[in-house]
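These notes are about the structure you will find just below.
The values are calculated or read from the model by the stated rules, or taken from the named source; none is laboratory data. The shown structure was predicted, so the numbers you read here are calculated from the model rather than taken from an experiment. FYI the Cβ positions are ideal-geometry reconstructions off the backbone, even for glycines, and counts take in every protein chain you see. Protein only, heavy atoms only, side chains kept; ligands, DNA and RNA dropped before computing areas. Shrake-Rupley method; radii C 1.70, N 1.55, O 1.52, S 1.80 Å.
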Amino acid sequence: DGIRDRSPSRGLGDVYKRQKPILIIKTGNTIESLLARGEDFEGWFVRESGYAKEYFAVNSLHENEKLDAIDSISGIIITGSPSYITDEEQWNFVGADYLREAHARQIPILGVCYGHQLVAWAFDGEVAFHPSGREIGTVPIMLTEAAREDPLFSEIPEHFNAQISHQQSVIRLPLNALRLAANEFEPNQAFRIGDTTWGIQFHPEFSAEVVREYIIARSEAISAEGLDPQLLLNAVKDTPHSVEVLQTFCGLVFGDD
């Protein structure tokens, strides 16, 4: 299933009590059909990480919830969102300031989808609607040569599949960013700034079932855009190597071997 063997009991003893958590910064909620089943981004990140929920804290940035003190956390994951970076909601500026401070302190950061775009925007990259429209479903990803030396990607195959759903993209990376992954649709699928800050456009926390729900929920818009929802559904598959990126990030934060 792509998830490393991490006993949930680790989250029930003294270990996690001594470990500062990874802060999951929510920038929105998932689609209604999944919310109705009690599912959302933070739960998927915890589940796919292989760590117990006690290793994580959650703040809802998009609801103007105050973010945890930076010295109380060991890492940051920023979620996806139905919002658009280009709307420049006030909470984006709050989040960007927080990310810049965390980066300066070398606290590991992983931005995912909207989070990927927020990281790029926070460091003077440019985000806009993709000129070719929407990218959704299971897609191939190709690593750059630089990824062979990257802590998150060095053990991942050069070509792998990932789940994705986005309309906006990082159309210009921050000046000091290192491109790590691309595909034919999206040249900036992953990047790193410095040694501890990453952005990934794809969703390592999405299962095949989740991305199918997204395709179904967006099927009317997808059809109007000239794509075939049924073909996209037929192409969905599991993406264990994408999950490994998330697991490796969490292991890096928590100091696992």
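Points to keep in mind about this one:
- Residues within segment 194-225 that are of a type outside the set (A, V, I, L, M) and assigned to a helix (DSSP H, G or I), tallied: 7
- Consider segment 97-126 and keep the residues that are crowded, with 23+ Cβ neighbours inside 10 Å and of a type in the set (Val, Ile, Thr). The one that is nearest to ALA177 (Cα to Cα) is VAL119.
- Pairing residues of segment 203-219 that are of a type in the set (A, V, I, L, M, F, W, C) and open to solvent by 30 Å² or more (accessible area, probe 1.4 Å) with residues that are in a helix (DSSP H, G or I) and modelled with pLDDT of 95 or more, at Cβ distances under 7 Å and at least 6 apart in sequence or on separate chains, gives ALA217/SER33.
- Residues of segment 146-189 classified as open to solvent by less than 60 Å² (accessible area, probe 1.4 Å), in a loop (DSSP other than H, G, I, E, B) and touching a strand residue (DSSP E or B) at 6+ places or on another chain (Cβ under 7 Å), total: 12
- Any hit, segment 98-117, residues being of a type in the set (Gly, Ala, Ser), closer than 27 Å to GLY255 by Cβ and touching a helix residue (DSSP H, G or I) at 6+ places or on another chain (Cβ under 7 Å): yes
- PRO131 meets the conditions (1) part of a loop (DSSP other than H, G, I, E, B); (2) within 25 Å of SER74 (Cα to Cα); (3) open to solvent by 30 Å² or more (accessible area, probe 1.4 Å) in every case but one. The failed one is (2).
- The number of residues in segment 51-96 that are small (Gly, Ala, Ser), crowded, with 21+ Cβ neighbours inside 10 Å, outside any helix (DSSP H, G or I) and in contact (Cβ under 8 Å) with a residue 60 or more places away in the chain comes to 2.
- Residues of segment 220-232 satisfying the condition of being over 21 Å from VAL112 (Cβ atoms) and surrounded by 15 or more Cβ atoms within 10 Å (Cβ to Cβ): ILE222, LEU227, PRO229
- Among the residues of segment 234-246, those that are in contact (Cβ under 8 Å) with a residue 60 or more places away in the chain, part of a helix (DSSP H, G or I) and surrounded by fewer than 21 Cβ atoms within 10 Å (Cβ to Cβ) comprise PRO240, HIS241.
- Subset of segment 97-128 [part of a loop (DSSP other than H, G, I, E, B) and on the phi < 0 side of the Ramachandran plot]: ARG105, ILE107, PRO108, PHE123, GLY125
- One residue alone among SER169, SER219 is in contact with a His (Cβ under 7 Å, 6 or more places away or on another chain) and of a type in the set (Ser, Thr, Tyr), and that residue is SER169.
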